[in-house]
1. Counting only other residues whose beta carbon sits under 11 Å from that of I288, what net charge do I get with K and R as +1, D and E as -1?
2. Considering the range 103-281, what Rg and Dmax in Å follow from its alpha-carbon atoms?
3. Let me know the shape class of the range 74-129, please: from the alpha-carbon gyration tensor, a ≥ b ≥ c as square roots of the eigenvalues, rounded when a/c is under 1.5, otherwise prolate if a/b is greater than b/c, or oblate.
4. Measuring from a point 7 Å past the Cα of H142 along Cα-to-C-beta, which residues in the range 155-171 have an amide N at less than 19 Å?
5. Classify the range 172-246 as rounded, prolate or oblate from the Cα gyration tensor: take a ≥ b ≥ c as the square roots of its eigenvalues, call it rounded if a/c is under 1.5, otherwise prolate when a/b beats b/c and oblate if not.
6. At R0 = 30 Å, how high is the FRET efficiency between R207 and R168 if r is their beta carbon distance? Nearest 0.05 is fine.
7. Using r as the Cβ-Cβ distance of R179 and S227, and R0 as 35 Å, what FRET efficiency do you calculate, to the nearest 0.05?
8. Which order, highest average first, do 95-108, 115-128 follow once you tally other Cβ atoms within 10 Å for each residue and take the mean per peptide?
Amino acid sequence: MIIAIPDDYQLLAAKLDCYAQLAGHEVRIFQGPARDNDELVRQFNGAEAVVLIRERTTITRELLARLPRLRHIAQTGRSTHHIDVPACTARGVTVSTGNSSSAHTIAEYTWALILASRRNICTQAATMRRGEWLHQLGLGLHGKTLGIHGFGKIGSLVANAGKSFGMRVITWGGDESRRRALDAGCEFVADKHALYSQSDVLSINLRLSAQTRHSVTAADLRAMQPSALLVNTARAEIIAPDALVAALRQGRPGYAAVDVYENEPVLNGDHPLLKMPNVLCTPHGAWIEKAMFECYFGEAFANVVKFAQGAPSNLTNPEALHAKNAAHGAGSG
């Protein structure tokens, strides 16, 4: 079977131990992001299966119509909001997902960003490499307030680490967030304004959905303190378009640490946040960790192999199998 793996920016897929599962299949790996559907059609030409790396590649109805040989999409992770699943089902293209969670990996990285930003670690390391011995006054965490926007698996882990540093931990959200926060011994504040205005460090850990898209507004950011740090390791689209850049220019919040962007990858330094000395930017690396990659890709590769063997598993749209069989039956008459 011909298998395409698009948008492997770091060319990491073939370096994983789990890649051996695809032995015997023809695998085509593409590094650069496709500019449009025409390029994706060229990359997927002849492929019967594709392995998608998180949400990097969007699969639309229009694209599917130009891929008559495509039979299966294996998604690393559980998210499918970038895939037109109903269109896949209509065309008899099955979609499989994984079950791994990257909560601990994301939480670790969130704290790496917090500590690096508050204590100026990256800039001081850079000056030392230049042969200088300079210090910048950092901002400590003990006794400060950590706000968690999104008290799920990741948010709760970030909160636990904050408490270990002697921070007051606050959150706000729906009933489930309230229950989890109170069970964890954290404070649940009255409203979103209180969450943003009281936080010395505010970590966004929401899952992207129709409800959370652009849910962090310019007004929310303006409520933050001039000395506060906003950290986003979730998704850039959770914040209203251009709101963070404008807020930082206005000085509220005073700092940001960001791992996610509206259009990825960001190349040639082409993003306004990269031009701000009060912002720490990293290239969507929170989930890029050896064990995590082995889990995510291992599941996706296993799903492809099972599909090739005629025993598909972990399907988001099992009804696509019936659509495929019906199409084949109609064609045989």
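1. That sum, taken over residues with Cβ under 11 Å, equals 0.
2. Rg then Dmax for the range 103-281, in Å: 15.8, 53.
3. It comes out prolate by the Cα gyration axes.
4. What the label zone holds, given the 19 Å backbone N cut-off, is 160-169.
5. Note, shape of the range 172-246 comes out oblate.
6. Rounded to the nearest 0.05, the efficiency is 0.75.
7. For R0 = 35 Å, the calculated efficiency reads 0.65.
8. Highest mean packing first, the order is 95-108, 115-128.
Since every read-out is calculated from the coordinates, none of them should be taken as a lab result. These numbers were taken from a predicted model, which means no experiment stands behind them. With ideal geometry, Cβ positions are generated from the backbone for all residues, glycine too; neighbour counts draw on all protein chains shown.
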